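The values are calculated or read from the model by the stated rules, or taken from the named source; none is laboratory data. Model, not experiment: these values are computed from the prediction. Virtual Cβ from ideal backbone geometry, glycine too; neighbours counted across all protein chains shown. Just the protein is used for accessible areas: all its heavy atoms, side chains included, with ligands, DNA and RNA removed. Shrake-Rupley method; radii C 1.70, N 1.55, O 1.52, S 1.80 Å.
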Amino acid sequence: MLSEAHIIEYLTANFPDNIGDDAAVINGYAGQQYVVTTDLLVEDIHFRVSYFNPADLAHKALHVNLSDIAAMGARPCFILCGISIPMAQAKYAEDFLFSLATICKKAGVLLIGGDTTKSPDKLFISITAIGTTAPEYIKYRTTAAVGDYICITGALGDAHIGLIACENKRSDLTEFKNAFLRPHAKINEGQWLGTQLSVTSMMDISDGLFIDLRRLCEASNVASNIILENIVPSTSFINACYDLQLDPVTTMLIGGEDYGLLFTVDSENYQLLADAFMQRFGYQITCIGHIVAGNGVHFIEQGQAKNMTLTPFSHFGEE
Ligand code: ADP
Ligand code: MG
């Protein structure tokens, strides 16, 4: 069956040194390396024009790419933008491109090219981002080690609440809708974590903690134990979940599109790193568990293994 996982598996098997991380790493000048990533946003699969205004979509299209650059520990420098426009969305697309230019300037990223075509009925947006850093600061998914602590930046599940709120045409739940419509790539955090020797691996959380941590574990050939007591929903999150008939912890584990960072830290240096992060960015990282031998993502509650049946969410029914 045609699925994203099968396609990526096939391509990674053919190009094992290039495909499989948040971005590809290529050699540049003066000992620097470039990291390159691309993402495709399709109308009615990834966004709806009914609730994404052009500026929100420009923000999101840019930041989902910058997030993959940040996840490698690199600094974003350039983007290219491919856009395929249906007649009905000509004005929307024009406003999108105007906003994209403004948002790129604000993020200190140069728009260096792209491609424009007509589309029969849906709007397609493909952004390619290029970043750079020194080779020793690049973080991969393949290098988590047994004993490392698993950490995340920011909240889990907010964007999923936002998606459901947008789909249900809710006029409230603004904070959650903003998390979904305008996620902020952790650009400064990613670059800083890249420079920290105690950070052993990193990726961003685009498809939800459960599925993305599983990918990190597969890439590093290890397993993980998530300590459920460390996944703590806020009161406003619990209230929103009950309102939308969602289970809070499940939503935190499988909700996608938050674009926080997921990284592992060697346990001896964890406290030092957590304190330095707090001092630098003014908020805490969360340690959600640890890396163990084996494979898969496992759950611990009150010191005991706990079975959880989680079906990773797929947003408008795509594979
Ligand atoms: P992310 O969510 O971090 O953007 P993806 O899950 O989309 O990553 O992709 C995982 C890996 O598979 C990346 O290295 C990406 O470049 C690669 N990949 C995905 N689709 C394709 C494709 N159609 N052709 C080549 N590589 C692909
Ligand atoms: Mg990613």
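Summing +1 for each Lys or Arg and -1 for each Asp or Glu, what net charge is found among the other residues whose Cβ lies under 13 Å from the Cβ of Gly296? Kindly include the intermediate steps, with their values, before the conclusion.
Working: positive: Arg214, Arg215; negative: Glu218.
Taking every other residue near Gly296 into account, the sum is +1.
Going from most exposed to least, what order do His184, His59, His46 have by accessible area with a 1.4 Å probe?
Details: His184 110, His59 10, His46 50 Å².
Per-residue accessible area, sorted high to low, gives His184, His46, His59.
Normalised by the residues of the stretch 181-292, what does the relative contact order come to in percent, with Cα pairs under 8 Å and at least six apart? Can you show the working numbers first?
Details: 120 pairs, mean separation 48.7, N = 112.
Answer for the stretch 181-292 is 43 percent.
So what is the relative contact order of the stretch 78-162, in percent, for Cα pairs below 8 Å that sit 6 or more residues apart?
That works out to 42 percent.
Would you please give the residues with an amide H less than 5 Å from that of Gly73, counting only those at least 5 places away or on a separate chain, with H modeled from the backbone geometry?
Lys139
Under unit Cβ charges (Lys, Arg +1; Asp, Glu -1), what dipole magnitude, rounded to 20 debye, does the chain have relative to its Cα centre? Kindly include the intermediate steps, with their values, before the conclusion.
Numbers: 19 positive and 36 negative charges, 138 e Å.
For this selection, approximately 660 debye.
Could you give me the ³J(HN,Hα) list for the stretch 269-285, computed from phi with Karplus coefficients 6.51, -1.76, 1.60 and θ = phi - 60°, whole Hz, x at Gly and Pro?
Computed from phi, the couplings for the stretch 269-285 are 9, 4, 5, 4, 5, 4, 5, 5, 5, 4, 5, 7, 10, x, 9, 8, 7 Hz.
Would you give the gap between the C-alpha center of the stretch 101-173 and the C-alpha center of the stretch 189-241, rounded to a whole Å?
15
Let me know the Rg and Dmax you get for the chain when you use only its Cα atoms, in Å.
Calculated on Cα positions, Rg and Dmax stand at 19.3, 58 Å.
Would you kindly derive the ³J(HN,Hα) couplings of the stretch 44-52 from the backbone phi angles with the Karplus curve 6.51 cos²θ - 1.76 cosθ + 1.60 (θ = phi - 60°), listing them in order in whole Hz, with x for Gly and Pro?
6, 10, 9, 7, 10, 5, 5, 10, 9
If you wrap a convex hull around the Cα atoms of the stretch 134-174, how much volume per residue is inside, in Å³?
On the way: hull volume 6.0 nm³, N = 41.
Looking at the stretch 134-174, the number lands at 145 Å³ per residue.
Principal axes first, then extents: for the Cα atoms of the stretch 63-201, list largest minus smallest coordinate on each axis, whole Å, largest first.
If we take the Cα atoms of the stretch 63-201, the spans are 53, 38, 26 Å.
Pairs of alpha-carbon atoms within less than 8 angstrom and 6+ residues apart define the contacts here; what relative contact order does the chain have, in percent? Show your work: numbers first, answer last.
Values: 665 pairs, mean separation 70.5, N = 319.
That works out to 22 percent.
What shape does the stretch 1-112 take by its C-alpha gyration tensor, where a ≥ b ≥ c are the square roots of the eigenvalues and a/c under 1.5 counts as rounded, a/b above b/c as prolate, and the rest as oblate? Before the final figure, lay out each step's value.
Details: a/c = 2.59, a/b = 1.31, b/c = 1.98.
Oblate.
Ranked highest first by the average count of other Cβ atoms within 10 Å around their residues, in what order do 12-18, 221-227, 155-161 fall?
Values: 12-18: 10.7, 221-227: 18.9, 155-161: 25.4.
My ranking of the peptides, most packed first, is 155-161, 221-227, 12-18.
Give me the compactness ratio for the stretch 241-319, meaning the Cα radius of gyration over 2.2 N^0.38 Å. Write down the numbers at each step before the final one.
Details: Rg = 15.9 Å, N = 79, 2.2 N^0.38 = 11.6 Å.
Normalised Rg, Cα atoms only: 1.37.
Check which residues have an amide H placed less than 5 Å from Val292's amide H, if you skip close sequence neighbours.
The list, which skips near neighbours in sequence, is Gly147, Ala223, Ser224, Asn225.
So between Thr142 and Ser171, what do we pick up on full extension, going 0.36 nm a residue minus the alpha carbon distance? Please report the intermediate quantities before stating the final value.
Details: separation 29, 0.36 × 29 = 10.44 nm, distance 4.23 nm.
Working it through step by step, the gained length comes to 6.2 nm.
List every residue whose amide H lies under 5 Å from the amide H of Phe299, counting only residues 5 or more places away in sequence or on a different chain, with H placed 1.01 Å from N in the peptide plane.
Ile226, Lys306
Need one number: % antiparallel among DSSP beta bridges in the stretch 1-135, to the nearest 5.
Values: 23 of 32 bridges.
Looking only at bridges with both residues in the stretch 1-135, the antiparallel portion is about 70 percent.
Counting helices only, and only those DSSP H runs with n ≥ 4, report the 222 nm mean residue ellipticity of the chain as the sum of -39,500 (n - 2.57) divided by its residues, in deg cm²/dmol to the nearest 500.
Numbers: 10 runs with 114 residues, N = 319.
Taking each H run of at least 4 residues, the total per residue is -11000 deg cm²/dmol.
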